[in-house]
Each structure stands twice: as C-alpha cells, then as structure tokens.
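Data first, discussion second: the structure below is written as structure tokens.
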Amino acid sequence: MSTTAAHAVTTPIRDVDTREEVDEVVRTFYAAVAQDTLLGPIFEQVAQVDWPEHLPKISAFWCRVLFGQSGYIGNPYARHRSVHEKSPFTAAHFDRWLILFEETLDEGWSGPNAEVMKELASNVARVHGTNLLQSPYRRSAPSRSPESA
C-alpha cells in the first residue's frame, strides 16, 4: 500500500516525560535492534534475550535515570561482559547501538529528557566499549545507520 506525503501519519515530537513514553522508546529501539543485521544475532542467538523480561528492566533503568524512580536492579556491565566472552564485540557494535538509539529518539522525541537519554547512552557505550574492547572506544560511525540512509 502506498501513501502520499499528504496522507502520511506522523508521530508528534514530544519529550520522554512518562513511564509510558519510556516504554515506547525502549520497545521501538529494541525492535530495531532485533531486526538489525549486526546487532540482532548478538541479542537473539548469543545473549538469547528474553524480551518480555528484558524490556521492563531497561524501562526501569531509564525511569530511574529520568525520574528518580526505584525499581531497577541489575549490573548491565556484567551481562555485557558475559556476552562479549561468547562472541566478542567490536567498535562497530557500539557504533550501531548508538546510531539506532539516537535514531529512535530523533524519530519521535525531543527535549531535555531525550537529550539526557542520548548523553547517557553515549557514556554507556564509551565505558562499556573501552572496558570490553580494552582500548579507548570513540564513536567512528556516521550519524545514521546504513538501513536508514
């Protein structure tokens, strides 16, 4: 089915201000991750992510960061380290993860909380990348994923 620009449905741009919006960001982002040719196999075959269990944990993490809500318990670095031991990450994995995260936010959210999410995601990628790759990780990818170009 084709649509014209006049009939295209657009998502209003808003900030990430509620638990429901955090859940939407997380669902949208991880749907893209699961379908990504580079990251999907890591999440599906190596980490064998249980999505119904994983997504609420990630939402709880972001709600703690953005709203100070309790509920997140976990050690994300330890989990990433165990996956890395099975199938080593490369800088390209961290680059793609960041690109998809930023694209997700850019497609529907804008504001202070969206910027906090982008900044923290960048810091998480830098710290995890540096520790797991055992060399300073610096983002090297273009600002858009190959699939979205």
Quiz item: Are any of the residues in region 92-105 more than 20 Å from I42 (Cα to Cα), among the hydrophobic types (A, V, I, L, M, F, W, C) and crowded, with 16+ Cβ neighbours inside 10 Å?
Solution: yes
Practice problem: Please find, within region 16-74, the residue that is nearest to S87 (Cα to Cα) out of those that are surrounded by 16 or more Cβ atoms within 10 Å (Cβ to Cβ) and acidic (D, E). | Solution: D36
Quiz item: Yes or no: R79 charged (D, E, K, R), farther than 20 Å from E24 by Cα and touching a Phe, Trp or Tyr at 6+ places or on another chain (Cβ under 9 Å)?
Solution: no
Quiz item: Taking region 19-74, which residues are in contact with a strand residue (DSSP E or B) (Cβ under 8 Å, 6 or more places away or on another chain) and either among the aliphatic types (A, V, I, L, M) or more than 21 Å from G111 (Cα to Cα) (or both)?
Solution: V25
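This table checks each residue for (1) without any contact (Cβ under 8 Å) to a residue 12 or more places away in the chain; (2) closer than 22 Å to T37 by Cα; (3) among the basic types (K, R); (4) in contact with a helix residue (DSSP H, G or I) (Cβ under 9 Å, 6 or more places away or on another chain).
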{"position": "K86", "(1), (2), (3), (4)": "no, yes, yes, yes"}
{"position": "H93", "(1), (2), (3), (4)": "no, yes, no, yes"}
{"position": "W97", "(1), (2), (3), (4)": "no, yes, no, yes"}
{"position": "L100", "(1), (2), (3), (4)": "no, yes, no, yes"}
{"position": "G111", "(1), (2), (3), (4)": "no, no, no, no"}
{"position": "V116", "(1), (2), (3), (4)": "no, no, no, yes"}
{"position": "L120", "(1), (2), (3), (4)": "no, no, no, yes"}
{"position": "L132", "(1), (2), (3), (4)": "no, yes, no, yes"}
Quiz prompt | Unmet criterion (only one of (1) out of contact with any Ser or Thr (no Cβ under 6 Å at 6 or more places or on another chain); (2) on the phi < 0 side of the Ramachandran plot) for G68 | solution = (2)
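FYI, it's all coordinate maths here, none of it is from the lab. Predicted, not measured: the structure shown is a model, and the values here were computed from it. When we count neighbours, we look across all protein chains shown, and the Cβ atoms used for this are built from the backbone with ideal geometry, even at glycine.
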